[in-house]
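Here is the structure we will look at.
Derivation of every value follows stated rules applied to the coordinates shown; laboratory data play no part. Quick caveat: nothing in here was measured; it's all calculated off a predicted structure. Glycine also receives a Cβ, built like all others from the backbone with ideal geometry; neighbour counts cover every protein chain displayed.
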Amino acid sequence: MNDLPKLYFTMESYLFPMVEEEIGEITAKMKEFLRIVELVRPSRFINDTLRWCGLGRPMKDREKMLRAFFLKAVYDLPTTKGLIENLKTNSNYRRLCGWECRNEVPSEATFCRAFKEFAEEKITDSIHAMLVQENYVDKLVGHASVDSTAITGREKACRKNTPKSKLKKKRGRKSKAEKMAMTEAEIAEVKTRRLELQPNRTLTENVDDLPQGCDWGGKRDSKGKTSYWCGYKLHLSLGDGGVPLAAILSSASLHDSQVAIPLIQKSSERATILYDLADSAYDAEEIKGFSKKLGHVPIIDPNQRRGEKVELAPARKIRYRERSTVERGNSDLKDNYGARHVRVKGHWKVFCHLMFGVIAITVKQLFNIRE
């Protein structure tokens, strides 16, 4: 467990003055980066697959490159090439990541290989889960706000997110019994919605069932205008103070309500939550029932499409205002932590890129609460 007040005092009193004596005046962004490194401690997430096993050419230090990707997120650098140029030209950035000479900074190809390994091992999601669990032991999250944001990709839209297995068809006419069986199967497939299945499945099963490919999606804003994009949707759950609790990346075409239950599951495994807040897109009985089953109180804006507009109770209206934290979190991620310039392709690489920014926001907000 991290003792944040003690760590904050130690960094302000000893670490920052020591670094200033070594490299000169440090900026607010440098302090933010140092807080991430001290709180995350990247070395504990470098497993055996990310270390040199003794055979072949020795690997470049993956811990230093993990720090470099956090630096890229904090400074909102759009490309890996730009990150390398900054590391080579700025000795302060280079030394904070662990390299003394500019010749020690790895090539762009090496950084790309390391990033692919981080994405395949899901390092960033593990780091974020550990951060939330360590800092929310014996603590309550009053309000967990859920929402999604559009992530524009740089790849072509996939044709099918869930390819069906090809079965050999029998030759000749189908019998009446076969036709009846096919009709019943089609009706059952239509009636069984994803929301009906999710409450009885595990988090892994629910996440694996979600479409993950790049495709086209549309979202209507508060003025009623619909904007379209090709890419993904990042679904976030933010606690009080704007601390991200969980994140899931899906295809852009997926409706927000389909990710609500997996997101509640994921955030509930990491922290104890009292209220689940969501807008009218999440107004479904299955979501409300699952939230109550976990002991939460769902406060979801009623959807007007279900008939007459039902107003929330006055006390719930006041609590519902806390949902603006997730909107501010989405804007912060896009404006300051790299979500607007995704250069990688593939679901897990895009998710890894976004999670570096999510982790940076998590550390920033945790220290802001302490201040």
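Would you mention how many residues in segment 192-238 are among the charged types (D, E, K, R), over 20 Å from Ser280 (Cα atoms), in contact with a strand residue (DSSP E or B) (Cβ under 8 Å, 6 or more places away or on another chain) and in a loop (DSSP other than H, G, I, E, B)? Explain how you work it out, then say what you get.
Start the filter on segment 192-238 by keeping residues that are among the charged types (D, E, K, R), which leaves 193-194, 196, 201, 205, 208-209, 215, 219-221, 223, 225, 233.
Those left that are additionally over 20 Å from Ser280 (Cα atoms): 201, 205, 208-209, 215.
From what is left, the residues that are in contact with a strand residue (DSSP E or B) (Cβ under 8 Å, 6 or more places away or on another chain) are 215.
From what is left, the residues that are in a loop (DSSP other than H, G, I, E, B) are none.
Result for segment 192-238: 0.
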Inset, instruction - Please indicate, with yes or no, whether at least one residue in segment 35-47 is within 15 Å of Cys112 (Cα to Cα) and part of a helix (DSSP H, G or I). - result: no
Legend entry - Hits in segment 119-135 - residues which are within 18 Å of Arg35 (Cα to Cα) and surrounded by 20 or more Cβ atoms within 10 Å (Cβ to Cβ): Thr124, Ile127, His128, Leu131, Val132, Asn135
Inset, instruction - Go through Ser250, Ser280 for me and flag whichever is among the hydroxyl-bearing types (Ser, Thr, Tyr), within 30 Å of Ile369 (Cβ to Cβ) and in contact with a Phe, Trp or Tyr (Cβ under 9 Å, 6 or more places away or on another chain). - result: Ser250
Inset, instruction - Check whether at least one residue in segment 10-31 is assigned to a loop (DSSP other than H, G, I, E, B) and β-branched (Val, Ile, Thr), and report yes or no. - result: yes
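Out of the helices (runs of 4 or more DSSP H) lying entirely within segment 55-112, which hold 1 or more residues that are over 20 Å from Leu39 (Cβ atoms) and among the hydroxyl-bearing types (Ser, Thr, Tyr)? Step through it out loud before you land on a result.
Values: elements: 62-74, 80-89, 91-97.
Hits in segment 55-112: 80-89, 91-97.
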Inset, instruction - Please give the number of the condition Leu254 fails out of (1) touching a residue at least 60 places away in the same chain (Cβ under 8 Å); (2) buried (at least 20 other Cβ atoms within 10 Å of the Cβ). - result: (1)
